[in-house]
Amino acid sequence: MLIGINPILSPDLLRTLRAMGHGDEIVIADANFPAEACARTLHRVDGIEAPRLLEAILGVMPLDTFGENPANVMAVVGNPDEIPPVVAIFQSTIDETADAPAQLSSIERFNFYDRAKQAFAIVQTGERRLYGNIILRKGVVK
């Protein structure tokens with residue numbers, strides 16, 4: 001245990017977050033996401049909801065401010081303008097927690113999978129709400 005570090009961030013996940021460089025991406029994935037098939041590095045936090053993990057990660061990792069769209073979610077299949085409840089929670093979490101709040105951008109499902117395959121790591125949560133997936137691009141620590 002450490003002071004000021006959310007205890008749901010395991011030693012291995014903290015190591016991954018620390019090893020990431022500016023512009024590297026991490027995926028927070030829901031329980032239905034094909035994480036094993038997509039991940040170069042996979043962490044599991046079963047039983048933890050995605051917004052809770054998002055808040056913990058944003059407590060130690062800055063979002064990128066040098067490019068557009070540092071936070072991306074998966075677009076709803078067949079209705080890309082729909083905002084699922086979990087995505088609305090993601091946005092409010094970013095607004096309240098991120099060092100540099102950003103507007104979420106959405107990516108078509110298969111493009112999201114392709115992007116996840118290129119990510120530095122994927123963290124699979126126990127999130128059961130549909131579309132509880134988000135890609136975060138790391139910024140610089142000032």
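The values are calculated or read from the model by the stated rules, or taken from the named source; none is laboratory data. Bear in mind the structure is a predicted one, so any value in this text is a computation, not a measurement. Cβ sites come from the backbone with ideal geometry, for glycine too, and all protein chains shown count toward neighbours. Calculation scope for accessible area: heavy atoms of the full protein, side chains included, ligands and nucleic acids excluded. Shrake-Rupley method; radii C 1.70, N 1.55, O 1.52, S 1.80 Å.
Per-structure values
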read-out: Qualifying residue in the range 107-126 (condition: touching a residue at least 24 places away in the same chain (Cβ under 8 Å), more than 20 Å from L42 (Cβ to Cβ) and of a type in the set (S, T, Y)); value: no
read-out: The range 120-139, residues that are open to solvent by less than 10 Å² (accessible area, probe 1.4 Å), assigned to a loop (DSSP other than H, G, I, E, B) and not polar (S, T, N, Q); value: E127, G132, G139
read-out: Top-ranked residue of the range 81-119 - restricted to ones that are in a loop (DSSP other than H, G, I, E, B) and touching a strand residue (DSSP E or B) at 6+ places or on another chain (Cβ under 6 Å), ranked as surrounded by the fewest Cβ atoms within 10 Å (Cβ to Cβ); value: A100
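One line per residue, one yes/no per condition, for (1) within 14 Å of the chain's Cα centre (by Cα); (2) in contact (Cβ under 8 Å) with a residue 60 or more places away in the chain:
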residue: A39; (1), (2): yes, yes
residue: A50; (1), (2): yes, yes
residue: L54; (1), (2): yes, yes
residue: V60; (1), (2): yes, no
residue: N72; (1), (2): yes, yes
residue: P85; (1), (2): no, no
